[in-house]
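Here is the structure we will look at.
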Amino acid sequence: MFLEQGIKPENKFWKYLLGSVFIISASFIGQIPITLAVFYKTFTDHIAFPTTNEGIMKMFESNTTLFLIMISFVFAFAGIYFVVKYIHHQTILSVTTSRPKVDWKRIWFSFFLWSFFSFLSFLFVYLKAPEQFVFQFKLIPFLILAVLGSVLIPIQTTTEEYVFRGYLMQGFANLAQNRWFPLLMTSLIFGSMHWTNPEVGKMGNIIMVYYIGTGLFLGIVTLMDEGMELALGFHAANNLVGALLVTSDWTVFQTNSIFKDLSEPSAGIDVILPVVVIYPILLFIFSKKYGWTNWKERLTGKISNVKLNA
């Protein structure tokens with residue numbers, strides 16, 4: 001069982017606090033390149049040092065910005081590997097899945113399923129109001145984005161999944177010895193991590209329903225499937241397709257995508273719809289394909305305190 005793989009007498013909660021600090025520190029080290037790049041540009045171009053994230057994002061060409069931002073996730077993932085192996089003495093597989101090996105078919109199924117949903121969603125919005133979009137496709141910048149994005153964005157999303165649906169979920173399971181507390185806490189923390197996104201400032205706090213709801217959905221998928229594979233595929237598709245397909249001036253960072261959204265952001269049905277309609281549909285599809293049963297026990301039951309050699 002997935003959560004039980006982290007249940008060990010020696011896995012005290014203070015180790016998860018220490019591990020979290022180590023992972024965050026590794027991420028900060030990974031931000032040194034973009035910090036140096038900002039200092040260099042302000043010095044050579046004789047411009048004022050930016051005081052906001054938005055100002056930093058607009059200092060460089062978007063592909064350069066994407067590369068510099070994503071470096072920190074490479075360091076963070078290395079931090080996760082170190083913490084899991086040397087602080088908790090577990091394998092990286094034990095915080096990935098309960099299966100003997102990673103099920104790549106699950107990852108790809110989830111990836112392509114959500115890519116399909118994302119494309120249909122964009123197509124619906126585009127056909128409804130095409131005047132709100134500008135076709136900005138430029139071959140070379142887009143190809144660079146496609147290569148960078150295909151490598152770095154999955155690293156980013158995988159790192160986030162390992163932190164929230166893997167490492168912290170097992171950590172809270174150690175603390176609470178049940179399933180509902182890890183599910184709730186990781187969803188709330190995952191949503192809160194997006195609080196500083198410019199989308200929140202533009203749309204208001206109501207968009208936190210989407211972020212927390214997405215964390216809850218990914219947590220449910222992980223617990224029901226006894227592994228992170230489906231969550232890994234979904235998260236990668238969500239960020240990669242979004243980066244390649246459409247951008248706007250008010251998102252967390254801009255890309256050389258195919259389209260640009262010119263509309264003013266507003267928190268409407270598009271914020272609530274995924275959480276209350278689309279995510280339940282995905283859960284139904286996953287449950288039928290993978291034969292999920294015993295939902296109450298898997299999502300809210302107590303942890304079987306079995307020591308495993310993970």
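The values are calculated or read from the model by the stated rules, or taken from the named source; none is laboratory data. Here the structure is a predicted model, which is why all the values come from computation and not from measurement. Backbone-built Cβ (ideal geometry, glycine too); neighbour counts: all protein chains shown. Ligands, DNA and RNA are excluded from the accessible area calculation, which covers all protein heavy atoms including side chains. Shrake-Rupley method; radii C 1.70, N 1.55, O 1.52, S 1.80 Å.
Numbers below:
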read-out	value
Which numbered condition F28 fails, given (1) within 26 Å of E226 (Cβ to Cβ); (2) open to solvent by 80 Å² or more (accessible area, probe 1.4 Å); (3) touching a residue at least 12 places away in the same chain (Cβ under 8 Å)	(1)
Which numbered condition T293 fails, given (1) open to solvent by 30 Å² or more (accessible area, probe 1.4 Å); (2) among the hydroxyl-bearing types (S, T, Y); (3) under 27 Å from I7 (Cα atoms); (4) in a helix (DSSP H, G or I)	(4)
Exclusive hit being over 30 Å from P9 (Cβ atoms) and at pLDDT 95 or above, set L232, L283	L283
Count of residues meeting criterion [more than 30 Å from E264 (Cα to Cα), within 17 Å of the chain's Cα centre (by Cα) and surrounded by fewer than 18 Cβ atoms within 10 Å (Cβ to Cβ)] in region 180-205	1
Yes/no for F217 being in contact with a helix residue (DSSP H, G or I) (Cβ under 9 Å, 6 or more places away or on another chain), open to solvent by less than 20 Å² (accessible area, probe 1.4 Å) and of a type in the set (F, W, Y)	yes
Verdict on M208 being open to solvent by less than 20 Å² (accessible area, probe 1.4 Å), at pLDDT 95 or above and of a type in the set (A, V, I, L, M, F, W, C)	no
Single residue of T91, T52 found to be surrounded by fewer than 18 Cβ atoms within 10 Å (Cβ to Cβ), among the polar types (S, T, N, Q) and under 30 Å from P9 (Cβ atoms)	T91
Residues that are of a type in the set (S, T, N, Q) and at pLDDT 95 or above, drawn from region 137-177	S150, Q156, T157, T158, T159, Q170
Filter result (outside any loop (DSSP other than H, G, I, E, B), open to solvent by 20 Å² or more (accessible area, probe 1.4 Å) and of a type in the set (S, T, N, Q)) within region 233-280	N238, N239
Which listed residue, of L188, L168, L145, L152, is in contact (Cβ under 8 Å) with a residue 12 or more places away in the chain and under 23 Å from I87 (Cα atoms)	L168
Residue, modelled with the lowest pLDDT, within region 104-121, restricted to residues that are open to solvent by less than 40 Å² (accessible area, probe 1.4 Å) and of a type outside the set (V, I, T)	S118
Qualifying residue in region 164-171 (condition: of a type in the set (K, R), touching a helix residue (DSSP H, G or I) at 6+ places or on another chain (Cβ under 6 Å) and closer than 27 Å to L148 by Cβ)	yes
Unmet requirement for S62, which otherwise passes all of (1) in contact with a helix residue (DSSP H, G or I) (Cβ under 7 Å, 6 or more places away or on another chain); (2) open to solvent by less than 40 Å² (accessible area, probe 1.4 Å)	(1)
Criterion violated by V102 - all others in (1) assigned to a helix (DSSP H, G or I); (2) in contact (Cβ under 8 Å) with a residue 12 or more places away in the chain; (3) touching a helix residue (DSSP H, G or I) at 6+ places or on another chain (Cβ under 7 Å) satisfied	(1)
